[in-house]
Every structure is written in C-alpha cells, then in structure tokens.
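Following: one structure in structure tokens, then a few remarks.
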Amino acid sequence: MNLLLTGPRGIGKTTALQSAAARLARPLCGYVTRFIQAPESSPQPKALLMLDGSCLMKEPPAFSASLARGHLVGYFGGGSPNPVPDFFDRAGTEILSGSLRNAPEDAMIILDEIGYLEEGSPAFRRALMDALSDPRPLLGVLREGVAWHREITERSDVQVICVTEKNRDDLPRLLSDALLRHP
C-alpha cells in the first residue's frame, strides 16, 4: 500500500504524515528532508538535509561539516534553491536504499518529500520506484506540480491524497487506519 500526500505548501502534509506514523508505532525507514539553520558562511540561510526515515519523529540535528558531507541536499532561502550537484545519485540513493535494506520487515517506508530536485537523478528515481514496489506499507509526501511525478502517480499501487484545510485534522486517523489493515 503506497499512500502519498500532496497539497499546497504549508497545508500540513508532513504534520499529517508524522501524526499517522506516531499512531502506528512501527519502525520507520526511507528518508525525510529537513530544513535547518545554515552556517553564516553559506550562500542562503537554510540548509536542506536528507536523513534516514527513522529520524521522522526526532528534532533536526544542528548543522555540522560532517553531517553536511553525507546529507546536505542544498541551501535554500528567499530565492532559488542552490542544490548540491549529484547529491541524489550519490548520497541520496544510498540513504534511501540503505534504509530499506537495513529495516525490519514490519517497518513502514517514509518518503518526505518527493520533490523537483530529484528530476535529474536517474539512480535516485530508480531507488524511489524500488521503494514503491517494496511490499512494506509506504507513506509519503509528493510535491505538487512536478512533471516527472506522473511516473509515480500513474502506478496502480499508488493512492494520492490531497491534503486540504477540511481533511487535514482527520487524515492521521484515516491514514493510520488504512495502514493498520496492511499486513
């Protein structure tokens, strides 16, 4: 079962995902992306890190050079993102594939978020497709309006749920109930 949340920025997709995962109390794998304060020497004020999905319920770590080496997706601010070249094909693919490989059979796969930076990364996109084909339940966030996402949304094993102000408070319960029915 692959459930992907979509909707406008700030509507509560990650919050619904976190709340549903907390209700299930299963081991987590996959990946999460988190903004953290970048060092003063960086080109923009926020750094985007990719972490193992087991970090979903944890506070983002403080920025450090060692953390940046293996987890820094890019720097973001008020303007355009400055992605780290080849991040997804190198470290991103290993974070996702390694997490799936090392997780127990009863783990739930978390993908937060599938966005537009991955478009130029064939290795990472293959790893995403492998995650969607995994028999474990999957809960993720899919950024709106990204053309290459049709590869994902047109799969028969994917259900895309639009988060709105009307449904976001009920989604954690509905998602966890649906995922509880998954073996």
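The values are calculated or read from the model by the stated rules, or taken from the named source; none is laboratory data. Because the structure is predicted, anything quoted here is derived from the model rather than measured. In this analysis, Cβ positions are derived from the backbone assuming ideal geometry, glycine residues included, and neighbour counts consider all displayed protein chains.
Below, the figures for the structure above:
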quantity	calculated
Selected residue [farther than 16 Å from Ala131 by Cα and modelled with pLDDT under 90] from Leu56, Leu24	Leu56
Any hit, region 62-73, residues being under 21 Å from Glu118 (Cα atoms), assigned to a strand (DSSP E or B) and either at pLDDT 85 or above or touching a Phe, Trp or Tyr at 6+ places or on another chain (Cβ under 7 Å) (or both)	yes
Pair list, Cβ < 8 Å and 6+ apart or interchain, from region 128-154 residues that are free of Cβ contacts under 8 Å to residues at least 60 places away in the same chain to residues that are polar (S, T, N, Q)	Asp130/Ser97
From Leu117, Leu96, Leu142, Leu128, residue being of a type in the set (A, V, I, L, M), within 30 Å of Asp177 (Cβ to Cβ) and touching a Gly at 6+ places or on another chain (Cβ under 8 Å)	Leu96
Matching residues in region 79-112 - criterion: being over 19 Å from Arg136 (Cβ atoms), in a loop (DSSP other than H, G, I, E, B) and not small (Gly, Ala, Ser)	Pro81, Val84, Pro85, Asp86, Phe87
Residue count, region 1-44 (criterion: in a loop (DSSP other than H, G, I, E, B), in contact with a strand residue (DSSP E or B) (Cβ under 7 Å, 6 or more places away or on another chain) and farther than 21 Å from Arg101 by Cα)	5
Considering residues of region 143-167 that are out of contact with any strand residue (DSSP E or B) (no Cβ under 7 Å at 6 or more places or on another chain) and among the β-branched types (Val, Ile, Thr) only, the residue farthest from Asp112 (Cα to Cα)	Thr164
Filtered residues of region 136-147 (kept if of a type in the set (A, V, I, L, M, F, W, C) and not in a helix (DSSP H, G or I))	Leu138, Leu139, Val141, Leu142, Val146
Number of positions in region 148-173 that are in a helix (DSSP H, G or I), touching a helix residue (DSSP H, G or I) at 6+ places or on another chain (Cβ under 8 Å) and of a type outside the set (Val, Ile, Thr)	5
Test: residue in region 114-135 that is modelled with pLDDT of 95 or more, surrounded by 14 or more Cβ atoms within 10 Å (Cβ to Cβ) and assigned to a loop (DSSP other than H, G, I, E, B)	yes
Residue in region 52-68 that is under 16 Å from the mean Cα position of the chain (by Cα), under 21 Å from Ala147 (Cβ atoms) and surrounded by 13 or more Cβ atoms within 10 Å (Cβ to Cβ) present	no
Residue check, Ala91 more than 18 Å from Leu28 (Cα to Cα), in contact (Cβ under 8 Å) with a residue 24 or more places away in the chain and either surrounded by fewer than 19 Cβ atoms within 10 Å (Cβ to Cβ) or not acidic (Asp, Glu) (or both)	yes
